[in-house]
Amino acid sequence: MSDQRRQRVRRAIAAGAEELFGRQRDDGAFGDDPPASILGTAGAITALRAADPSGSAELVAAGAAWLRGVQHDDGGWGGVVGAGSEAVATSVAAAALHIVAPDTSAAAVEAGRAALAALGGVGAVTDPAVAHLCGQFQVLAGFAPAASLRRLPLEVVLADPVRRRRISFRTAPFVGLALMQAAVDPPGPVRRLTNRAAVPAALRLLAAVHDHERRTGAFSADPWPAALVCLGLAHAGLAPDIVAAIAGFLRRSVRPDGSWDAVANLDLTRSAFASTGLIAAGYGADPRLARTRDLFHRTRQRDAFTVLDCPAGGWSFSDAHGWPVTLESAEILTALAGLPGRDEDAVLRDGLAWLVGRQDARGSWSLWVRDTRLANDGPCPAITAQGVVALLESGRPAGDPAVRAAVDWLESRQASDGTFENLWYRDHTSGTAMVLGALAMAGRGGGPVALAAAGWLLSTQCADGSWGAGDGSAGTVEETAWALPALLAAGVDPGSDAIRRGTDWLLDAQRPDGGWPASRVCAYIRHHMYYPNGAITRGLALRALAAAAGGAGGPA
């Protein structure tokens, strides 16, 4: 890289870092401007109407007006503002409007139902659980008969190991939907017998979540699943204390325009990716990151999350009392490993032990439940790659048993075209790049698996130098920033045309304020709903530019 281009990269890194630091709060967390959620809003107004129709009337009316205002010309809705029409959001939004405001929303509902039919109806939803909840909203609105829905097996809550493997992180909304279905369409005599034991067990599970979250009613800090729990309990006439708490959470988390976010609190997700990006760019010793290190220290989970059989010691995506997850925990540990004082950091040491303890028996990592095979939980190549990087960055050798088992598993999971999956971000550039980077870091960057992954990434670079999903879609900052450092780590010449064009595209994409535009690459409902996370975008961009310049960066 020429001195002139290196200086341009340095200036871009400095501007990007300051823009990102400008989003840091006094408590060390990094903020963002999340998009409004059609699902979250539709769920919230339906739940509030069921839980407190008079007290929440103004909020419900404002949310319904907002939904009508963001309806697309084709009659449909996307999962978040800015997304194209798709079946999940359209089915739920049209039903919600008919439930809460049938008179003022008649035209919008009619257009929404026509759009849903054009999209293939609820049958177009590939995830069976999500298709069921779409169908449940159709039943509540009177658009489909109750008998059209398969009966949810509430009795699965009587066997915790089976329930965790089969339902995992969807336990709370599953319980809400099952209780609502029983209220709307009472079961037959046999099911009534099993429900006598299952309903109390289900309520104990919800109470355990409620207690873990300090009775805030947040239910994973997300308006959509919280609304489903509230809706189910309100229809069933059960747990009025939890219903009231969730209604309070929904009232507190409404946006000024009457909508709700996709997830109300992603403080730790944003702060983790912002920190690793800033550290890679040379800002590890910046005193501003000491505040974020303190945030990570005080938000480490001190209580076990019994609902998912998860011990204390990890991190959630939200706060000290959220649901512990591997993805954010691994990214936070990587950040702590890059900050001053890591050798004396007991939180880092104990967090790494927690991470190793959460490793699947097969060597992979899943997001929530250890050793699950649930398609939307794990095992996940991208999360496994994050686990490998966290261990290696903290000083574990490539021969460490946990690292070796994870890398061996990764090498067994490559698709025939050289790609790897990522359950929680858009396929396939993100997963392929993350695994390639982890393999290179573990000393396997020259093997056939890594070479095939690098070959696929190079072959799918867009004509303008960027990377998209690898399917011909337009490039994004996030996917370009995943690909560049992975290819460099795998030994691609820094002066090659691919690296030069990718770096130039990333530089040109930077906005005048120093930030980068975020794209919808974060998975909310895989294959159906994706949303942007600006802190991830900025952190990845800084990491990529630092790699392209050979580690250039840091305070001027």
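The values are calculated or read from the model by the stated rules, or taken from the named source; none is laboratory data. Quick caveat: nothing in here was measured; it's all calculated off a predicted structure. All Cβ positions, even for glycine, are placed from backbone atoms using ideal geometry, and neighbour counts span all protein chains on display. Heads up: the accessible areas ignore ligands, DNA and RNA and are worked out on the full protein's heavy atoms, side chains in. Shrake-Rupley method; radii C 1.70, N 1.55, O 1.52, S 1.80 Å.
Of the residues making up segment 404-448, those that are more than 14 Å from V388 (Cβ to Cβ) and among the acidic types (D, E) are D417, E421, D427.
Flag: T384 does not match the condition of being polar (S, T, N, Q), under 20 Å from A498 (Cα atoms), under 19 Å from the mean Cα position of the chain (by Cα) and part of a helix (DSSP H, G or I).
Filtering segment 315-323 for residues that are open to solvent by less than 10 Å² (accessible area, probe 1.4 Å) and in a helix (DSSP H, G or I) leaves an empty set. Somewhere in segment 136-159, is a residue open to solvent by 20 Å² or more (accessible area, probe 1.4 Å), under 22 Å from P324 (Cα atoms) and in contact with a Ser or Thr (Cβ under 8 Å, 6 or more places away or on another chain)? The answer is no, given that none of the residues of segment 136-159 is open to solvent by 20 Å² or more (accessible area, probe 1.4 Å), under 22 Å from P324 (Cα atoms) and in contact with a Ser or Thr (Cβ under 8 Å, 6 or more places away or on another chain).
For segment 402-422, filtering for residues that are surrounded by fewer than 16 Cβ atoms within 10 Å (Cβ to Cβ) and of a type in the set (K, R) leaves 1.
Of all residues in segment 238-260, at least one satisfies being more than 25 Å from C522 (Cβ to Cβ), free of Cβ contacts under 8 Å to residues at least 60 places away in the same chain, among the acidic types (D, E) and surrounded by fewer than 20 Cβ atoms within 10 Å (Cβ to Cβ). Scan segment 384-401 for residues that are farther than 19 Å from L348 by Cβ and surrounded by 20 or more Cβ atoms within 10 Å (Cβ to Cβ) and report the count. Final tally of qualifying residues: 2. Going by the structure shown, is L158 in contact (Cβ under 8 Å) with a residue 60 or more places away in the chain and over 26 Å from the mean Cα position of the chain (by Cα)? Here the answer is no, as L158 does not meet what is asked.
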